[in-house]
Amino acid sequence: MKQLLIDAERIRSLEIQGASNVAINAIDFLSNYATRLKCENVKVCFEKLYEAQEILINTRPTEPAMKNGLKFIMNKLEQEKDSIIAEYISDIIEKYKNVYLNILQSSKKRIAEIGARRFPLQGQKFVVMTHCHSSLVSGILLEAKKQEKDFKVINTETQPRLQGRKTSQELLNAGIEIIHVVDSAMRWAVKHYQVDIIIIGADSITSEGTIINKIGSRLLALVAHEEHVPFYVASPLLKYNPETNLGILETIEMRDPKEIWEDPPEGITILNPAFETVSRRYIDGLITEAGIFASSHVPNYFAKTYPEMV
């Protein structure tokens, strides 16, 4: 358990970033924990595994891809519970961990292919804008580059952790023209560079089609609405939170104020919300492994694509 708590802290402290990376690492941590378990019987093993699942889920309240992955593994275990031998539980978890990883990777590849189709053919210049860092959005941009489509990207620095720099470096390394701006220059950049399309990622999707993403995402959506720029969200269906269909509200994670001001004067209250919502009314389309559609249709597509996770 001690090692699991150390691993969980890596997620909580943001050493591990990005919804997909968090999901991949969390299920890996559960699998590694299972290999270290010494249980007298299957019942005790399940109790300890559910405890570990809860610890990992509580590291980041706004990460459905992680929650869905952990629940996928535990649901599969439950289905085989009557025939499981305690000493082989880790092997079964490893098997289903790899199944979930394959689902994530194949969905990412599919999203990149679908998203790149939104870019015009070769010879037509195109300006794309994004916010923060999303491996899904980067995948789309890298796929479009691979197809030799002509475009440049504007991205934001993304305060206070500056994740936008990761996006800039990643795209620069791939030979993509990149323009990096401060968050407060969003509207200026859209107008000045005549942005053709905006694509952001998502950390979570609710049953109503609202997406939750890095703070600043709603501001960019409002700019897109004001300037009549198509606004898309790239996300696997696995970031849908089925619990929101039962009335449970997604929580907005509040992070350490020291990320904003290390040593502030006494008497100042500093708030550091990590995420914010973007209403479905501002989203032109959700780019998923099942295609592009209105974000309000996510529950139906999720149930059809991943019935075992409903």
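The values are calculated or read from the model by the stated rules, or taken from the named source; none is laboratory data. A quick note: this is a predicted structure, and the numbers were derived from the prediction, not measured. Positions of Cβ are backbone-derived with ideal geometry, glycine not excepted, and every protein chain shown enters the neighbour counts.
Conditions (1) closer than 30 Å to Glu148 by Cβ; (2) modelled with pLDDT of 95 or more; (3) assigned to a loop (DSSP other than H, G, I, E, B), marked per residue:
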| position | (1), (2), (3) |
| --- | --- |
| Phe72 | no, no, no |
| Asn75 | no, no, no |
| Glu87 | no, no, no |
| Ile92 | no, no, no |
| Tyr100 | no, no, no |
| Leu104 | yes, no, no |
| Ile111 | yes, yes, no |
| Ile114 | yes, yes, no |
| Pro120 | yes, no, yes |
Which of the residues belonging to region 39-78 are among the hydroxyl-bearing types (Ser, Thr, Tyr), over 17 Å from Glu9 (Cβ atoms) and crowded, with 16+ Cβ neighbours inside 10 Å?
Thr62
Here is a list: Tyr50, Tyr100. Which entry is among the hydroxyl-bearing types (Ser, Thr, Tyr), under 30 Å from Val233 (Cα atoms) and in contact (Cβ under 8 Å) with a residue 24 or more places away in the chain?
Tyr100
Looking only at strands (runs of 3 or more DSSP E) that lie completely in region 165-214, which have at least 1 residues being touching a residue at least 60 places away in the same chain (Cβ under 8 Å), within 22 Å of the chain's Cα centre (by Cα) and buried (at least 17 other Cβ atoms within 10 Å of the Cβ)?
197-200, 211-214
Go through region 1-18 and count every residue that is under 13 Å from Asn58 (Cα atoms) and part of a loop (DSSP other than H, G, I, E, B).
1
Failed criterion for Glu266 (all others in (1) touching a strand residue (DSSP E or B) at 6+ places or on another chain (Cβ under 7 Å); (2) more than 24 Å from Arg60 (Cβ to Cβ); (3) of a type in the set (Asp, Glu) hold):
(1)
Filtering region 25-44 down to residues that are more than 10 Å from Ile93 (Cβ to Cβ) and part of a helix (DSSP H, G or I) yields Asn25, Ala26, Asp28, Phe29, Arg36, Val42, Lys43, Val44
